[in-house]
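Chemist: Questions regarding the structure given below will be posed in turn.
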Amino acid sequence: MTKAVHRVESLLRGMILGHQMGQWSERRWWGQRLPGEEAAQTAIGPEALQGQLEVLIKNPPAITTPGWPPTCFVDTVPHILGLGMEYARQNSMLSPEQFRDFMLGAREWLLPQGVQRSCLELMAEGMNPRISGLYAASVVSGCWVAWPAGIYWAVHADDAYEEGVKLCRTLNGGDIVELTGALAAAISQAILPRASWDCVKAAMLRKLEKRNESAFRLLRDAIQTAENCSGTQELLAYLRAPEFFASTCTVDCDWMQSFYSAAACLGYAFVHQMDWAAFLCLLLEAADSRFAAMIGASLYAAVNGYDWGVGWDEALDAVHHQELEAYLSACGPMLASRAARERRVAREIYTLTAGCRTAEEAAETELYDRILAGLLAGTAANVMGSPVEDRSYGWIAAHYGVVTEILDAKRIDTEDDAAMLIMWIETILNCQGRIYPEDLADTFLQKMNPKKFYYDSQHGLDVLKKGLKPHACGHWNVVTGSALMGCDGVGMYHVGDPFTAGRDGLELAYQYQRGFDVHAAAMLCAATAQALRRDATVENVIAAALDAAPREPLCLFDHLEKRDARAYFQEVLDAVEGYRDVLEVRQILYDRFLSYNGQDPWEVIALTLAIFKVANGDVWQCMVGGTNIGRDSDTIACQTALLSACMGGMASVPDYVLTLYEEKSLRQYKALAAELTALICKKAAGAQAAAAALQ
């Protein structure tokens, strides 16, 4: 990791240089004076910059606005390095909750600027961090999270983009959210050995084009215009024109121009191979906030190195030296650990696929066999449980005795659980990789027939059509367990990586659910990822599910006291310990673990884990047990059978189940399984290459 960490050091030293000089730029534009100055500086040239730089870096001027006390946002660097250390401590990507806890815990020494301060207060008052910034203003200062997010996701530009977005939108709204993702993506590429401006620029623009077309066009055009300018005065005239300022922000705040200016100045600097003094002058002249200099100087230093002379180095060493060294020391082990996890998962995938490259090759692999088994068994079990959904097991016993056959085989192509699973998998295939709420929302808008789903899913689609951001739509829905339908596809994609499967399942579920339902989806995604491993057992699949359960007690609809999910589900499992008859445990589960409604995810997960444990990996027993327990029988039967079939492969699926499928349906599931398996192989190859790139 030595080379990568060296590039990280270059990036961060450039960021600190830009920050220290950018503070001076802010003071200058705001008409302030340094002690001893007769008037505010109005023009900067390389000679003047060289003469003042060391002094200004060591003693950045406090920012004050006439008539106001100090605004308390003199220094952004501790935010960046502090969050970087949090990534190192967690040794993983951060959830919105972890970021919230970091910010709230650091309130005494981190003082975020106005918009972010308001959003932090909302989180302190209890608002979910995913929506605390939903309607906040777009201010460029929100982009600070891009540095630690981009560094953690070095190599993986798309993941860096989404990480930046996920954190930024807890504290900000508007275009800066997607622009922060674009910056994180650029950083993830800039710190790679042999990085070039072309690859950094491509990473900055790639996902932005898909997520925020207007911001993409403005950023792309600014870069292209700058790259075609013949001199700095031509570029400055373009960037400082009133109409350019107006195009960057919908409120009367000029700072958003700084982001676009930074990218434009970078384009010009790389074309003209500017020296550092001239480049800093350009950055400081072009924009009115420190963030242009921070963005520009950090990316320029990462790609070109920081050959700016001993004087600048000595001045930089006097500011934030200890914090920077501590983060750099933690950065190498953090990146090495991430790469090791990716290599381990890739090796696991290779053992199941022999490194297949095409869907045709994939169809001959063990992973394909197990994914196909999960799809077919889960869908058939869904159909088996559907006719007795919402009935009690007593009612089922009175009318059917024990249901041991599929009562209505025509449902095989219409059941909601199966339809949702197909939509999730098709989203993964369309995106050719990891998916996010925006991707799932696109599929819903294009393909979802609301009449085939329960009213909560219909409402989620309605809210989406009204223009609410996808990651927020589920916050105003009724909790029914509907996020459990379809989520297994994410677990399949993340085979061998239950942690990431759980994290992704949770975030995706917020697209149309909330409350414990999103955690239930996380648990089943993690369980599916574990079930596809070669060493999968009933015990470690259940352990993966419990590990993805929330660590903090949660509120319940029908109880005054909060509930510890892990302790509760362990109690469920303990209650059925030693039983081997899925019908025998029904009364035990009814007596102790029913919720106010059969679709409540607390109950669905409790009964799913219990039946899965008692069935001990037997697909047919899962189908019988899940069906005859009633309540949300179709989902319980589906999930238990799917997990067992993923463990056992096609050999574990009863022949009777396969006779239910018409040739057209069977071809569809086989194609889905083959394409998904081939994509998983592609992911494994990419993970190996990414790990090698960090060396």
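Chemist: Is there a residue in region 378-400 that is buried (at least 16 other Cβ atoms within 10 Å of the Cβ), over 21 Å from T608 (Cβ atoms) and polar (S, T, N, Q)?
Modeler: Within region 378-400 (the criterion being buried (at least 16 other Cβ atoms within 10 Å of the Cβ), over 21 Å from T608 (Cβ atoms) and polar (S, T, N, Q)), the answer is no, since none of the residues qualifies.
Chemist: With the structure loaded, tell me whether R107 is assigned to a loop (DSSP other than H, G, I, E, B) and either in contact with a strand residue (DSSP E or B) (Cβ under 8 Å, 6 or more places away or on another chain) or exposed (fewer than 15 other Cβ atoms within 10 Å of the Cβ) (or both) or whether it fails that test. Even if it seems obvious, please write down each step before you answer.
Modeler: Values: assigned to a loop (DSSP other than H, G, I, E, B): yes; either in contact with a strand residue (DSSP E or B) (Cβ under 8 Å, 6 or more places away or on another chain) or exposed (fewer than 15 other Cβ atoms within 10 Å of the Cβ) (or both): yes.
Answer is yes for this residue.
Chemist: Continuing with the same structure: Looking at region 289-311, is at least one residue of a type in the set (D, E, K, R), within 17 Å of S261 (Cα to Cα) and either in contact (Cβ under 8 Å) with a residue 60 or more places away in the chain or crowded, with 24+ Cβ neighbours inside 10 Å (or both)?
Modeler: Our first condition is that a residue be of a type in the set (D, E, K, R); within region 289-311, this holds for 290, 307.
The next check asks that each one be within 17 Å of S261 (Cα to Cα); those that pass are 290.
Remaining after also requiring either in contact (Cβ under 8 Å) with a residue 60 or more places away in the chain or crowded, with 24+ Cβ neighbours inside 10 Å (or both): 290.
Checking region 289-311: at least one residue is of a type in the set (D, E, K, R), within 17 Å of S261 (Cα to Cα) and either in contact (Cβ under 8 Å) with a residue 60 or more places away in the chain or crowded, with 24+ Cβ neighbours inside 10 Å (or both).
Chemist: Sticking with this structure for a sec: Which helices (runs of 4 or more DSSP H) sit wholly inside region 419-509 and have at least 2 residues that are at pLDDT 95 or above, within 21 Å of the chain's Cα centre (by Cα) and outside the structural domain of L94 (by TED's automatic domain parsing)?
Modeler: By residue number, 437-447, 488-493, 498-509.
Chemist: Out of the residues in region 282-332 that are part of a helix (DSSP H, G or I) and among the aromatic types (F, W, Y), which is nearest to A246 (Cα to Cα)? Break it down into steps so the answer makes sense when it comes.
Modeler: Initially, region 282-332 is screened for residues part of a helix (DSSP H, G or I), giving 282-286, 290-304, 310-317, 321-332.
Going one step further and asking which of them are among the aromatic types (F, W, Y), we end up with 291, 300, 312, 327.
On the way: F291: 18, Y300: 27, W312: 35, Y327: 38 Å.
Looking at residues that are part of a helix (DSSP H, G or I) and among the aromatic types (F, W, Y), I get F291.
Chemist: Sort through R370, R357 and tell me the only one that's modelled with pLDDT under 95, touching a Cys at 6+ places or on another chain (Cβ under 8 Å) and either farther than 30 Å from Y455 by Cα or part of a loop (DSSP other than H, G, I, E, B) (or both).
Modeler: That would be R357, the only listed residue that is modelled with pLDDT under 95, touching a Cys at 6+ places or on another chain (Cβ under 8 Å) and either farther than 30 Å from Y455 by Cα or part of a loop (DSSP other than H, G, I, E, B) (or both).
Chemist: Same structure, new question: Name the single residue, out of those in region 659-684 being under 21 Å from the mean Cα position of the chain (by Cα) and of a type in the set (A, V, I, L, M), that is surrounded by the most Cβ atoms within 10 Å (Cβ to Cβ).
Modeler: Among residues in region 659-684 that are under 21 Å from the mean Cα position of the chain (by Cα) and of a type in the set (A, V, I, L, M), the one surrounded by the most Cβ atoms within 10 Å (Cβ to Cβ) is I680.
Chemist: Going through L660, L666, L679, L643 one at a time, which residue ends up being more than 21 Å from D417 (Cα to Cα) and among the hydrophobic types (A, V, I, L, M, F, W, C)?
Modeler: From the options L660, L666, L679, L643, the qualifying one is L679.
Chemist: In region 542-564, is there at least one residue being surrounded by 14 or more Cβ atoms within 10 Å (Cβ to Cβ), touching a residue at least 60 places away in the same chain (Cβ under 8 Å) and under 26 Å from the mean Cα position of the chain (by Cα)? Write out each step before concluding.
Modeler: We begin by selecting, within region 542-564, every residue surrounded by 14 or more Cβ atoms within 10 Å (Cβ to Cβ); these are 542-550, 553-554, 556, 563-564.
Add one more test, that the residue is touching a residue at least 60 places away in the same chain (Cβ under 8 Å), and what stays is 542, 545.
The next check asks that each one be under 26 Å from the mean Cα position of the chain (by Cα); those that pass are 542, 545.
Within region 542-564, one or more residues are surrounded by 14 or more Cβ atoms within 10 Å (Cβ to Cβ), touching a residue at least 60 places away in the same chain (Cβ under 8 Å) and under 26 Å from the mean Cα position of the chain (by Cα).
Chemist: Just give me the residues in region 501-536 being touching a residue at least 60 places away in the same chain (Cβ under 8 Å) and closer than 17 Å to A610 by Cα, in sequence order.
Modeler: Of everything in region 501-536, those that are touching a residue at least 60 places away in the same chain (Cβ under 8 Å) and closer than 17 Å to A610 by Cα turn out to be A520, M523, L524, A527, T528, A531.
Chemist: Related question: Conditions first: (1) in contact with a Ser or Thr (Cβ under 8 Å, 6 or more places away or on another chain); (2) not in a loop (DSSP other than H, G, I, E, B). W395 passes all but one, so which condition is the exception?
Modeler: Failed condition: (1).
Chemist: Follow-up. Just to be sure, is G502 surrounded by 19 or more Cβ atoms within 10 Å (Cβ to Cβ) and not aliphatic (A, V, I, L, M)?
Modeler: Yes.
Chemist: Check region 469-480 and report whether any residue there is polar (S, T, N, Q), farther than 20 Å from R211 by Cβ and surrounded by fewer than 19 Cβ atoms within 10 Å (Cβ to Cβ).
Modeler: Scanning region 469-480, I find no residue that is polar (S, T, N, Q), farther than 20 Å from R211 by Cβ and surrounded by fewer than 19 Cβ atoms within 10 Å (Cβ to Cβ), so the answer is no.
Chemist: For region 373-392: of the residues being in contact with a Gly (Cβ under 7 Å, 6 or more places away or on another chain) and part of a helix (DSSP H, G or I), which is farthest from I629 (Cα to Cα)? Step through it out loud before you land on a result.
Modeler: Our first condition is that a residue be in contact with a Gly (Cβ under 7 Å, 6 or more places away or on another chain); within region 373-392, this holds for 373, 381, 385, 388, 390-392.
Retained after the next criterion (residues that are part of a helix (DSSP H, G or I)): 373, 381, 385, 388.
Working: A373: 23, A381: 13, G385: 9, V388: 9 Å.
Ranking the qualifying residues of region 373-392, first place goes to A373.
Chemist: Quick check on Y590: is it touching an Asp or Glu at 6+ places or on another chain (Cβ under 6 Å) and more than 24 Å from M647 (Cα to Cα)?
Modeler: So Y590 fails the test.
Chemist: Among the helices (runs of 4 or more DSSP H) confined wholly to region 157-228, which include 2 or more residues that are farther than 21 Å from L94 by Cα and within 17 Å of the chain's Cα centre (by Cα)?
Modeler: 197-211
Chemist: Another question about this same structure. Checking the conditions here, which among A269, A262, A277 is at pLDDT 95 or above, farther than 16 Å from T180 by Cβ, assigned to a helix (DSSP H, G or I) and in the same structural domain as M204 (by TED's automatic domain parsing)? Outline the logic, then answer.
Modeler: Values: A262 fails: farther than 16 Å from T180 by Cβ; A277 fails: at pLDDT 95 or above.
After ruling out the rest, the residue left standing is A269.
Chemist: Look at region 110-158 and say how many of its residues are crowded, with 24+ Cβ neighbours inside 10 Å, more than 23 Å from E26 (Cα to Cα) and either among the small types (G, A, S) or without any contact (Cβ under 8 Å) to a residue 24 or more places away in the chain (or both).
Modeler: 6
Chemist: State all residues of region 114-146 that are part of a loop (DSSP other than H, G, I, E, B) and either within 16 Å of G174 (Cα to Cα) or aliphatic (A, V, I, L, M) (or both); if no residue qualifies, say none. Walk me through how you get there before you give the answer.
Modeler: Taking region 114-146 as the starting set, the residues that turn out to be part of a loop (DSSP other than H, G, I, E, B) are 125-139.
Matches in region 114-146: M127, P129, R130, I131, S132, G133, L134, Y135, A136, A137, S138, V139.
Chemist: Now for a different question. Assess whether R631 counts as being of a type in the set (K, R), in a loop (DSSP other than H, G, I, E, B) and within 21 Å of V388 (Cβ to Cβ). Break it down stepwise before answering.
Modeler: Values: of a type in the set (K, R): yes; in a loop (DSSP other than H, G, I, E, B): yes; within 21 Å of V388 (Cβ to Cβ): yes.
So R631 passes the test.
The values are calculated or read from the model by the stated rules, or taken from the named source; none is laboratory data. Note that the structure is predicted; figures quoted are calculated from it, not measured. So basically every Cβ, Gly included, is an ideal-geometry build from the backbone, and we count neighbours across all protein chains shown.
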